[in-house]
1. Could you tell me whether segment 249-256 includes any residue that is surrounded by fewer than 13 Cβ atoms within 10 Å (Cβ to Cβ) and either part of a helix (DSSP H, G or I) or small (G, A, S) (or both)?
2. Which residue out of N274, N221 is surrounded by fewer than 22 Cβ atoms within 10 Å (Cβ to Cβ) and farther than 17 Å from T72 by Cβ?
3. Scan segment 199-213 for residues that are part of a helix (DSSP H, G or I) and within 13 Å of the chain's Cα centre (by Cα) and jot them down.
4. Which one is farthest from the chain's Cα centre (by Cα) among residues in segment 169-187 that are part of a helix (DSSP H, G or I) and either hydroxyl-bearing (S, T, Y) or not assigned by TED's automatic domain parsing to the domain that holds I106 (or both)?
5. Has segment 114-125 got at least one residue that is under 23 Å from G241 (Cβ atoms), touching a Leu at 6+ places or on another chain (Cβ under 9 Å) and part of a helix (DSSP H, G or I)?
6. Report the residue count in segment 189-223 for those that are β-branched (V, I, T) and in contact with a Leu (Cβ under 9 Å, 6 or more places away or on another chain).
7. Just the residues that are closer than 14 Å to Q252 by Cβ and in a loop (DSSP other than H, G, I, E, B), please, taken from segment 28-75.
8. Just need a number here: residues in segment 102-120 that are surrounded by 12 or more Cβ atoms within 10 Å (Cβ to Cβ) and either within 17 Å of the chain's Cα centre (by Cα) or more than 18 Å from A142 (Cβ to Cβ) (or both).
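The values are calculated or read from the model by the stated rules, or taken from the named source; none is laboratory data. Not measured: the values here are computed from a predicted model. Quick reminder, even Gly has a Cβ in these numbers, built from the backbone with ideal geometry, and neighbours come from all protein chains shown.
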Amino acid sequence: MKAYERVIQLVLFISAIIAVLGVILISYFIISEGYPVIRKVGLLDFLSGNRWAPTQGVYGIYPMIVGSLLVTAGALVLGVPIGIGCAIFLAELAKPRIAGILRPGIELLAGIPSVIYGLYGLSVIVPFIRKVFNNQGFSVLAGSIVLAVMILPTIINVSESAIRSVPGDYKEASLSLGSSHWQSIKNVIVPAARSGIIAGVILGMGRAIGETMAVIMIVGNSPVMPDSILSPVRTLTGNIGIEMGYAGGEHQQALFATGIVLFVFIMLLNIAANLIPKKAGE
C-alpha cells in the first residue's frame, strides 16, 4: 500500500512540475519575442505612447491600456452589484426549488461561447445604443454590458459559496439578539463572507480583462483615446487578436510585447485574488 501511495504521489508531483514548466515556457516565449521591441522603443514610451502605427514603426499602447481598463471597470460597475445580489438571494432568500432552477441557468451562462455573446451584443446592444444615443453604437458601454453578463457566473458562484461557508452560529446569534433576517445578512453574513466575495470580484475582473472575441465584435476597435463611454476603443486582447493574423517582423514582436503587458495584468490580478481576500478576512 505504501508503494502504491508513493507512485500516486510521484505522479501528482510530476503533474505539478509539468504545469509549472508550461507556465515558465509560455512566459519565456512571450518575453523573448516581445522584449526586442520594448528595448528599442523604450518601456515608458511603449506604455505611454498615444499612437499605434505599425507600418511607421510607432508602437504606443496607452489607448489600448485605457480601453481595457474602461471596459473592465464598466463591466464591474454593472456586474458586481447584480452578481452579489444574486448570490445573496440564492444563498439566503430563495426557496430550494427556485434556487434549483436558477443555478443551472447561471451555470449555462458560463458555458456559452464568447462569440455568442458577441453576436448578441452586435445584434441587440449595439443597435440599441445607436438608437438611444444617436451614435455608431460600438463603444465602451456596449463592451461593458456584454462583459458584465459574462462575468456574472464567476462572481455569483464564488460569492454564493463564500456566503454559504459562513457558520450558521453567526446568523443564529444575530437573530437571537433581535435582528431581522435582512439585518443579519447585511451586518453579519456578508461582512463575514467578504474575503470570498472579493475573490470572486477579482476573478471576474480577470475574466473581463482577458476576453477577446466578444469585445472585438462590439467595441469598435479604434486604437485612439476614448472621449467617453460612448466612444469606440480597442483593448489589449483585441489589438493582438485583430492584427496577429497578418503581422510579421517587428510588428509581430510589438504584439507579443502587448501580450507581456496583458500577462503582467493577469498575474497581478491572480496575486491579488490570493492576497487581498486574506487581508480582508483578517
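1. Start the filter on segment 249-256 by keeping residues that are surrounded by fewer than 13 Cβ atoms within 10 Å (Cβ to Cβ), which leaves 249.
Remaining after also requiring either part of a helix (DSSP H, G or I) or small (G, A, S) (or both): 249.
Yes - at least one qualifying residue is present in segment 249-256.
2. Sole residue among the options that is surrounded by fewer than 22 Cβ atoms within 10 Å (Cβ to Cβ) and farther than 17 Å from T72 by Cβ: N274.
3. The initial filter retains those residues of segment 199-213 that are part of a helix (DSSP H, G or I), namely 199-210, 213.
Once the filter is applied, which keeps residues that are part of a helix (DSSP H, G or I) and within 13 Å of the chain's Cα centre (by Cα), segment 199-213 yields A199, G200, V201, I202, L203, G204, M205, G206, R207, A208, I209, G210.
4. This residue is S176.
5. yes
6. Residues meeting the conditions: 5.
7. G57
8. Residues in segment 102-120 being surrounded by 12 or more Cβ atoms within 10 Å (Cβ to Cβ) and either within 17 Å of the chain's Cα centre (by Cα) or more than 18 Å from A142 (Cβ to Cβ) (or both): 11 in total.
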